[in-house]
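Asks: I'd like to ask some things about the structure below.
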Amino acid sequence: MTHVYENSGVERHRRLKVLVNPHGGVRKGVSVFLKTVEPIFRAARCSLDVTYTTHRGHAFDIAKNLPLDYDAIITVSGDGLIHEVLNGFAQHEDPRKALSIPIAPIPTGSGNGLSLNLLGPERGFDVTEAALNAIKGEHMKVDVFSLTQSGKRTISFMSQALGLMADLDIGTENLRWMGDTRFMVGLLRGILKFKACPVQLSYKIAESDKVKMAEDLFKLQADRNSQGQTSITPVTSGGLPPLMNLPDDTEGWTTYDKPILYVYAGKGPYVGRDYMAFPVSQPDDGLIDVMVQPVSSRKEILSSLGGAAKGETYWQPSLHYVKAHAYRIKPLTPKGALAVDGEIFPFEEFQVEVHQKLATLLTPYGYYAVNFSPPRPNISTGGKNLSVCIHAGSSRVSFVDAISFVDAAVGQQPVVTTFNPTATEKEREANIARNRALLEELELKQAVAGLGFTPSASKSAPKTKVQPVQPRKRVKKEVLEFEAPRRQSSRLKRTAIDPDESPSKRQKREAELELLRAQEAEERLEAEERARIASRPRRHDLELDVLLGEEEKEEVSPLIAILRDDIQDLYPRRVADPEAFTYDKDNKKEEAEVSELRERLQSLKIVSRAKVTQDRVYSAAYHPEISKDLVFFGDKHGQLGIWDARAIPDEVPDEDGGAETNENGEGGKYWRLQVHWPATSKSSISTIKMDPVNAHSVYYAY
């Protein structure tokens, strides 16, 4: 553990703010976090503050007002949640300090481009590896971009796409259930249509020589290997950097004058598991990589697909690739597609410029995990073999099938290339070994197995050439088929009613039928409840908008107002006189007090009534607040009812515009919180108690 933490300059027991998106990618974020990621964080004794996002922009709102005392922000989602967090930080009262908090992604989205750049293509979708990076990853400063459009400034961290590259992303939003296979579907669709991108591109060029850019990258990688660990930049406060390029500035700008198929600009080599779009991209060079594909032929585009995962498209002669300080786009037609970090943006004129080392990420290596090779003499477009695949869950869709499909449509022959691995794998495998040692130290045997190792393999087996980890074969489980219950008529059941049936037999038969209908209704309700619960997390903070349910979310504000008023009052613990609980009938004074109490009780009357819970009440408790009658009820199916008995009920306008009275005669206001689920008879609330010292706390048992 000392080697993992102190010797690497990593702090122990990090305080993590975790944002979980239940709807990202194939909608497995919650289960992945609860089953795999959270146990690793707990074993490492990290302090967790977990929030499950409920709507688009939720992470933006959280980041905008986030206290800046966390060690890292963990996003259990795809790249879209990271986009929200960074833009929330940009709107923070101290943007620079907020952006200095490192972000670490847990890949549960579709593309997971940032995770691929930090962990590498082999481990980019490994949630165990990502969790370990969150625990012991080192800080890495990265560039981000300011995209200005119609006077609005947006932070972008990964990519901006127009034309074909935008269509294959935002044009397949309805196919998120396919995982990253949806990008292949979008690519095939775009190649078949082969529409030009009607835009004018201008950029402030920094470098356009592909060979020189590649040489600079290889030299930088060699320098990193010799220097070792990177240093941590001191945290500073302040606002966002000012924009340096005005929209009407033309000095030093170059305009691309050829017809364009697509424009793709960004930071970070990988944008998907099978596409290294920006192989010479560096995390903190202060430049943005811009590539432009001019309109050519389908055959030329198809010939570059085989090497996409290794960045071989970079060497395509027709691909225009530059590093720039800034660039701007001017649409020539009103219709088109623009995607920024995978999010849909208006197809309008915009400008992008770079802010060097403004944001921070956690990484196991201190730089992008790129496996990019220099050009080789034997690379050609006439190869026979192909090793690139697209993964979606347990399915594998090869580029051979995809290219064959397009060839059948356009009448062309597939052209692919083949590659050999590079020496960069050694450092990555060493990091995997360190992660395995940490997991064994934490006694997480299941996670160790997920890395593809057996506990004794590293001790006894001799060193051999590193092989990629193969997915475990799934054994198909035998499913026992059974016939689901279904309704049948009396004729089919051959239970025709006897015309000579006596009244007693008829009553017995009708009672049995009624009992059967009740049982079927109960089973149907329980099945619906199980289906509903399967889509929501079992463990989360008891947030009022979640507990109230979809139908009563508009009642959150009144309930919060009432509870806030009660919190402001203090209820000190009161100790009663033990003699007050005894009654002496021979004592005339006590006899008079009892008589007075009896008369007062006899004069009690009902001033308010309401059906506070949906089912039978199993428990109740009266809150000690003296300014209002606040009563808590627990029912048979785990519902907690809060009743403000003397509150003025809301008036409901009738058809004539007047106030409509409550026909049920219910008084006050009440709220129903489903605090325990599934909502069955096994979840009944049997006891409700107020804290005798601090009545602001309510406890229930089931």
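Asks: For the range 635-648, give me each residue that is of a type outside the set (V, I, T) and either farther than 28 Å from N694 by Cα or surrounded by fewer than 20 Cβ atoms within 10 Å (Cβ to Cβ) (or both). Working first, answer last.
Replies: Here is the first cut: in the range 635-648, the residues of a type outside the set (V, I, T) are 635-641, 643-647.
Scanning the range 635-648 gives K636, A645, R646, A647.
Asks: Do we have any residue at all in the range 89-99 that's among the polar types (S, T, N, Q) and in contact with a strand residue (DSSP E or B) (Cβ under 8 Å, 6 or more places away or on another chain)? Give the derivation first.
Replies: Taking the range 89-99 as the starting set, the residues that turn out to be among the polar types (S, T, N, Q) are 91.
Still in the running and in contact with a strand residue (DSSP E or B) (Cβ under 8 Å, 6 or more places away or on another chain): none.
No; the residues of the range 89-99 include none that is among the polar types (S, T, N, Q) and in contact with a strand residue (DSSP E or B) (Cβ under 8 Å, 6 or more places away or on another chain).
Asks: Given the options P121, P102, P67, name the one that is in contact (Cβ under 8 Å) with a residue 24 or more places away in the chain, at negative phi and open to solvent by 10 Å² or more (accessible area, probe 1.4 Å).
Replies: Numbers: P102 fails: open to solvent by 10 Å² or more (accessible area, probe 1.4 Å); P67 fails: in contact (Cβ under 8 Å) with a residue 24 or more places away in the chain.
One residue alone meets the criteria, P121.
Asks: Out of (1) outside any helix (DSSP H, G or I); (2) in contact (Cβ under 8 Å) with a residue 40 or more places away in the chain; (3) open to solvent by 10 Å² or more (accessible area, probe 1.4 Å), what's the single condition that is false for E93?
Replies: (2)
Asks: State the number of residues belonging to the range 113-158 that are in contact with an Asp or Glu (Cβ under 7 Å, 6 or more places away or on another chain) and assigned to a loop (DSSP other than H, G, I, E, B).
Replies: 4
Asks: Search the range 685-702 for residues being open to solvent by less than 20 Å² (accessible area, probe 1.4 Å) and part of a loop (DSSP other than H, G, I, E, B), and hand back the single one that is nearest to V617 (Cα to Cα). Steps first, please.
Replies: Restricting attention to the range 685-702, the residues satisfying the condition of being open to solvent by less than 20 Å² (accessible area, probe 1.4 Å) are 685, 688, 695.
Still in the list and also part of a loop (DSSP other than H, G, I, E, B): 685, 695.
Working: I685: 9, A695: 22 Å.
If we take residues in the range 685-702 being open to solvent by less than 20 Å² (accessible area, probe 1.4 Å) and part of a loop (DSSP other than H, G, I, E, B), then I685 is nearest to V617 (Cα to Cα).
Asks: Which residues, counting only those in the range 70-85, are surrounded by fewer than 24 Cβ atoms within 10 Å (Cβ to Cβ) and within 27 Å of R273 (Cα to Cα)?
Replies: Quick first cut of the range 70-85, residues surrounded by fewer than 24 Cβ atoms within 10 Å (Cβ to Cβ) only: 70-72, 80, 83.
Within the range 70-85, A72, G80, H83 meet the criteria.
Asks: Checking the structure you have, find out if any residue of the range 666-683 is in contact with a Leu (Cβ under 8 Å, 6 or more places away or on another chain) and either among the charged types (D, E, K, R) or at pLDDT 90 or above (or both). So that I can check it myself, show each step before the final result.
Replies: The first filter runs over the range 666-683 and keeps only residues in contact with a Leu (Cβ under 8 Å, 6 or more places away or on another chain), leaving 671-675.
Still in the list and also either among the charged types (D, E, K, R) or at pLDDT 90 or above (or both): 672.
Checking the range 666-683: at least one residue is in contact with a Leu (Cβ under 8 Å, 6 or more places away or on another chain) and either among the charged types (D, E, K, R) or at pLDDT 90 or above (or both).
Asks: Here's something else I'd like to know. Those residues that are touching a strand residue (DSSP E or B) at 6+ places or on another chain (Cβ under 8 Å), open to solvent by less than 50 Å² (accessible area, probe 1.4 Å) and outside any helix (DSSP H, G or I), I need them from the range 19-48; list them, please.
Replies: First pass over the range 19-48, keeping only residues touching a strand residue (DSSP E or B) at 6+ places or on another chain (Cβ under 8 Å): 19-22, 24-25, 29-30, 32-33, 37-38, 41-42, 46-48.
If we keep only those that are open to solvent by less than 50 Å² (accessible area, probe 1.4 Å) as well, we get 19-22, 24-25, 29-30, 32-33, 37-38, 41, 46, 48.
If the condition is that a residue be touching a strand residue (DSSP E or B) at 6+ places or on another chain (Cβ under 8 Å), open to solvent by less than 50 Å² (accessible area, probe 1.4 Å) and outside any helix (DSSP H, G or I), then L19, V20, N21, P22, G24, G25, C46, L48 are the ones that fit.
Asks: Go through the range 286-309 and give me each residue that's at pLDDT 80 or above and part of a helix (DSSP H, G or I).
Replies: A308, A309
Conditions tested, residue by residue: (1) of a type in the set (D, E, K, R); (2) open to solvent by less than 70 Å² (accessible area, probe 1.4 Å).
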position: R598; (1), (2): yes, no
position: Q602; (1), (2): no, no
position: R616; (1), (2): yes, no
position: P624; (1), (2): no, yes
position: L630; (1), (2): no, yes
position: F633; (1), (2): no, yes
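Asks: Further question on the same structure: Confirm whether V370 is touching a strand residue (DSSP E or B) at 6+ places or on another chain (Cβ under 8 Å), assigned to a strand (DSSP E or B) and either closer than 30 Å to L147 by Cα or modelled with pLDDT under 85 (or both).
Replies: Answer is no for this residue.
Asks: Mind counting the residues in the range 188-241 that are of a type in the set (K, R) and at pLDDT 80 or above?
Replies: Filtering the range 188-241 down to residues of a type in the set (K, R) leaves 189, 193, 195, 204, 210, 212, 219, 224.
Restricting the remaining residues to those that are at pLDDT 80 or above gives 195, 204, 210, 212, 219.
Residues that pass the stated criteria total 5.
Asks: Across the range 252-268, which residue is farthest from A337 (Cα to Cα) among those that are open to solvent by 40 Å² or more (accessible area, probe 1.4 Å) and assigned to a loop (DSSP other than H, G, I, E, B)? Quick ask: steps written out before the conclusion?
Replies: We begin by selecting, within the range 252-268, every residue open to solvent by 40 Å² or more (accessible area, probe 1.4 Å); these are 252, 254-255, 257-259.
The next check asks that each one be assigned to a loop (DSSP other than H, G, I, E, B); those that pass are 252, 257-259.
Details: G252: 28, D257: 20, K258: 19, P259: 16 Å.
Per the stated criteria, the residue is G252.
The values are calculated or read from the model by the stated rules, or taken from the named source; none is laboratory data. Predicted model, so just to flag it, every value in this text is computed and none were measured. Here the Cβ is made from the backbone with ideal geometry for all residues, glycine too, and neighbour counts use every protein chain on show. Quick note on the areas: whole protein, heavy atoms, side chains included, nothing else; ligands and nucleic acids left out. Shrake-Rupley method; radii C 1.70, N 1.55, O 1.52, S 1.80 Å.
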